[in-house]
Structures are given as C-alpha cells and as structure tokens.
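Here is the structure we will look at, set down as structure tokens.
Values quoted throughout were computed directly from the atomic coordinates according to the rules given, and no laboratory measurement underlies them. The shown structure was predicted, so the numbers you read here are calculated from the model rather than taken from an experiment. When we count neighbours, we look across all protein chains shown, and the Cβ atoms used for this are built from the backbone with ideal geometry, even at glycine.
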Amino acid sequence: MHDVWFLTKYDEVGPSSRYRVYQYLPYLTNINCTVSPLLTAKYLQNRFTHNRFTQSWLIAKAYWTRIWLIFKRAHQYDLLAIEYELLPYFPAWLERYLHWRKIPYIVDYDDALFHQYDLHKNVLVRKLLGDKIATVMRLSSYVIAGNQYLASYAKQTGVQQVSTLPTVVDLAHYCEADQFKKADVFTIVWIGSPSTTPYLKQVLSALQILKKEYTFRLRLIGAGKIDLSGIDVERLAWRQDKEVEYISQCHVGIMPLPDTPWTRGKCGFKLIQYMACGLPVIASPVGVNKEMVTPEVGFLATDTKEWLQAFKDLFIDVAGGINNMSSTGKYIVRKKYSLQVIHRQFISIINRILGEKEN
C-alpha cells in the first residue's frame, strides 16, 4: 500500500483545504494518507480578529514545523500532495529540495495564487517571488487546477501533466436542502469571508434602487465589516452545520466580482453551493462564472442596470422562474460539481502518479 502525504494550507476549518483535500480522503481506501496542515483554526481566528502578535507567533511556529517535517519525513512517502505551496511568501527552496531528492509531488490550486506575487504592490515581492508559483508547478509531477484559467497558466510553465477539477460539494450534506422553509421575506444571500466582502460593493447601487420598489432582505454569511446603507441586512456567522440551512432558506444567491486577474482565477464555488441548495443565481461575468451561469440557472450581470433587471425578473416570476432554475441548478451540480462524481478523477490522478513512480 502506498503512502501519500497531504500538505494542506489549513486544517478542516479552512474552506480551501476542506473542499480540495479533506473531503476526498475517505475515498482513498487503498492508500495510507497522512495530513499535515500548515496553519490551524487558531490562526484563522486570529487572522480575522487582527491579533497580530499571536498571529505572527503562530506563523513562525508553523513555518519552522513544516521545514523540519519536510527534511525529516518527506523521503518516507511515495508522493506528496501540496496545496498551493509549502511556505507562503517564501522562495521555492523546499520545492526545489524535493525535486533534487527526486521526491515526487503534485500541487493543487483553486485560486490564482501566482497573481499574489507577480501583481503584488511591493516591487521587491514581485522581483523575488514573481515566478515562484511557475517554478513550483514546473518542478511538480502534476498540477490540479480548479478551472481553465489556472490550468492555462500551469501549462505555460512547462509542467507535463495538468488536470482541471472544480471545487465540488458533497451531496450528502445537501440532501435535506428542500426541507428547509423559505424565509417569509424575499431573501438574497451571499456567502463568503471577510476578505471577499468588499466585492459586495459591486451590487450595492442596484440593491438601493431595488429597495425603493420591493421588500427584501440581504443575508450575509461569514462576511466582514461593510457599509451597505439603506439595505435590510441580516448577518450570520458561518457555521458548517448550518451552512446548507442558511442558504436554502433564501430565494436567490449572488456572486458579484470585479474583473481583475485575481478574480478571473476564482472557481465559482459560491454558485455551486447556491445551486446545490436549489437557488437561482446572479453573478458577474468574470472567469468561470461565464461558463457556469446560463439562462437555465440564473443571470449574468455586468453593471447596476443588469443587476437590477435580474433581481426584478426573479421578483416578478418568483414561482415559475425560481422553480425551473432550482431543478436545473441541482441537476447540473449533481452531474458536474459533486464529490460523488469528481472523486473518481481525483483518485485516478493520485493512482496515475503512483503508478508512474513504480515504473
């Protein structure tokens, strides 16, 4: 039996690690899996409460621990599966070490992490780390990308093997979505993190105009501080055990985005969550959103006028339109964006690399 070491960025509390790694592990029954997160839930808590001293200490401890583990244990495994990179904002020395030791590794991306460096406002970061992710990809045995934008970048680095695997949901957690009663007031939902909350400004003007004609509520799940003057806002802290319920009670899910190199690398996971809960969606036509949002499941909206019209169309046809989009969205998620389908591709990639190592 093969031994695979998963080097995630976070533990299960971190959404990227939970959805890109942890939910696949129960399917890897023929492999001995070891998971070592770089950062823990305690780091995430301090990150959003701005306790800088504690945060700095946690980061320093995490870095030294990972460096020590790589030198001590990496050679014991048949394959390393790295989420993003081994050490953020640090040269690719550890990845070069693995390549030198001929220790195969794969890397997984669900964000345009390369733009975190090559478009950084600090010229020193751009100069020292601008090509870091390209190096990490090129030295890897395989790159798993969350969408075509990320896959295209990977292919340009010269890596030989690249596959596109979307970020997906486990339908077992969404099977009861239809049982939750809709809110009494027409409710628009947005789910995200404090770091992505500013994107809501893209839709504020449309909501303010809409408020003059219709009664609605905007439900924010996991959001940071933001001024949405004139809007009836309901704020809910994110809870894994309540996520499906909170979304399912709403009537439409939104994903506003500015059009930037960073956002073009987004994987549209919010949209998948909304559709899995039976909600029609409205999204900015940025990146993968343009592929995912068709007239059968919702609307693409570029400016205030288009956002406003999309909201009005759903208000006017609250029964027929939403019901049709609901069933279509759930069908698409079941066929294209579910763990029950995509886990086979994930397992195939792992087995392929292990097979090549044996040969």
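Translational diffusion coefficient of the range 182-227 at 20 °C, 1.002 mPa s, Stokes-Einstein with Kirkwood Rh over Cα pairs, in µm²/s as a whole number. If you can, show how the numbers build up before the last one.
Numbers: Rh = 11.4 Å.
Calculated translational D: 188 µm²/s.
For the range 44-143, take the convex hull of the Cα atoms, compute a quarter of its surface area, and give me that in nm², please. Before the final figure, lay out each step's value.
Details: hull surface 28.4 nm².
If I average the Cα hull's projected area over directions, I get 7.1 nm².
Return one number: the angle in degrees, 0 to 90 and rounded to the nearest 10, between the long axis of the Cα atoms of helix 320-336 and the longest principal axis of the Cα atoms of the chain.
The two axes meet at around 10 degrees.
What number, in percent, do you get for the relative contact order of the chain if the mean sequence gap of Cα pairs under 8 Å and at least 6 apart is divided by its residue count? Please report the intermediate quantities before stating the final value.
Numbers: 628 pairs, mean separation 50.7, N = 359.
Normalised by residue count, the contact order of the chain is 14 percent.
Calculate, axis by axis, the spread of Cα positions in the range 97-138 along the three principal axes, and write the results as whole Å, longest axis first.
Rounded to whole Å, the extents work out to 35, 22, 10 Å.
According to a simple spin-label model (label point 7 Å from Cα along Cα-to-Cβ), what is the distance in nm between Arg334 and Thr65?
Each label point is offset 7 Å from its Cα along the Cβ direction, giving 4.2 nm.
Just grab the label-to-label distance for Lys312 and Arg101, each label 7 Å out from Cα along the Cβ direction, in nm (one decimal).
Output for this residue pair reads 6.3 nm.
Using the basic label-point model (7 angstrom from Cα toward the beta carbon), what is the Ser327 to Asp227 distance in nanometres?
4.6
For the range 203-359, compute Rg over Rh where Rg is the Cα radius of gyration and Rh is the Kirkwood radius from the inverse mean 1/r over Cα pairs.
Values: Rg = 17.9 Å, Rh = 17.1 Å.
Answer for the range 203-359: 1.04.
Taking 20 °C and 1.002 mPa s as the conditions, I'd like the Stokes-Einstein D for the range 160-293 in µm²/s, using the Kirkwood hydrodynamic radius from alpha carbon pairs.
In µm²/s, the coefficient rounds to 138.
Please give the net charge around Pro256, taking every other residue with its beta carbon less than 13 angstrom from that of Pro256, where Lys and Arg add +1 and Asp and Glu add -1.
Values: positive: Lys201, Lys266, Lys270; negative: Asp259, Asp303, Glu306.
Net local charge, Pro256 excluded: 0.
To the nearest 20 debye, what is the magnitude of the charge dipole of the range 106-209 about its Cα centre, counting +1 on the Cβ of each Lys and Arg and -1 on the Cβ of each Asp and Glu? Show your work: numbers first, answer last.
Working: 9 positive and 9 negative charges, 111 e Å.
The calculated dipole for the range 106-209 is roughly 540 debye.
Using a Förster radius of 35 Å, what is the FRET efficiency between Lys121 and Val35 based on their Cβ-Cβ separation? Nearest 0.05, please. Please report the intermediate quantities before stating the final value.
On the way: r = 34 Å, r/R0 = 0.96.
The pair Lys121/Val35 has a calculated efficiency of 0.55.
What Kirkwood radius, in Å to one decimal, follows from the Cα pairs of the range 143-214?
On the way: mean 1/r = 0.0599 Å⁻¹.
Result for the range 143-214, one decimal place: 16.7 Å.
With bins 10 Å wide starting at 0, give me the P(r) of the range 84-155 over every alpha carbon pair, in whole percents.
P(r) over the range 84-155, rounded to whole percents: 21, 53, 25, 1.
For the chain, compute the orientation-averaged projected area of the C-alpha convex hull (one quarter of its surface), in nm². Don't skip to the answer; put the middle values down first.
Details: hull surface 72.2 nm².
Mean orientational projected area (the chain, Cα hull): 18.1 nm².
Show me 58-66, 74-82 ranked by packing, highest mean number of other Cβ atoms within 10 Å first.
Most protected by this proxy first, the peptides run 74-82, 58-66.
With +1 assigned to the C-beta of every Lys and Arg and -1 to the C-beta of every Asp and Glu, and no other charges, what is the dipole magnitude of the chain about the Cα centre in debye, to the nearest 20?
920
Please work out whether the range 95-215 counts as rounded, prolate or oblate from its C-alpha gyration tensor, where a ≥ b ≥ c are the square roots of the eigenvalues and a/c under 1.5 means rounded, while otherwise a/b larger than b/c means prolate and anything else oblate? Write down the numbers at each step before the final one.
On the way: a/c = 3.61, a/b = 1.80, b/c = 2.01.
Verdict is oblate for the range 95-215.
Considering only the other residues whose Cβ falls under 11 Å of the Cβ of Val244, what net charge follows from Lys and Arg at +1 and Asp and Glu at -1? Don't skip to the end; give the middle numbers.
Numbers: positive: Arg239, Lys242; negative: Asp170, Glu176, Asp178, Asp241, Glu243, Glu245.
Once all neighbours under 11 Å are counted, the net charge is -4.
Using only Cα atoms and rounding to the nearest 10 degrees, what angle (0 to 90) does helix 339-358 make with the longest principal axis of the chain?
Computed tilt is about 10 degrees.
Distances longer than 17 Å among the Cα atoms of the range 235-282: what percent of all pairs is that?
Working: 448 of 1128 pairs.
For the range 235-282, the fraction of Cα-Cα distances above 17 Å is 40 percent.
I'd like the distance separating the alpha-carbon centroids of the range 226-301 and the range 1-31, in whole Å.
Cα centroid to Cα centroid, the span is 26 Å.
In square nanometres and to one decimal, what's the mean projected area of the convex hull around the Cα atoms of the range 243-313? Don't skip to the end; give the middle numbers.
Values: hull surface 18.5 nm².
Its Cα hull, projected and averaged over all orientations, spans 4.6 nm².
To check my understanding: the extent here is largest minus smallest coordinate of the Cα atoms along each principal axis. What are those three numbers for the range 199-249, in Å, largest first?
Principal extents (largest minus smallest coordinate, Cα): 35, 21, 14 Å.
Could you work out how much longer the chain between Thr294 and Gln160 gets when fully extended? Use 0.36 nm per residue separation minus the Cα distance between them, nm to one decimal. Mind dumping the intermediate values first?
On the way: separation 134, 0.36 × 134 = 48.24 nm, distance 3.27 nm.
Computed gain between Thr294 and Gln160 is 45.0 nm.
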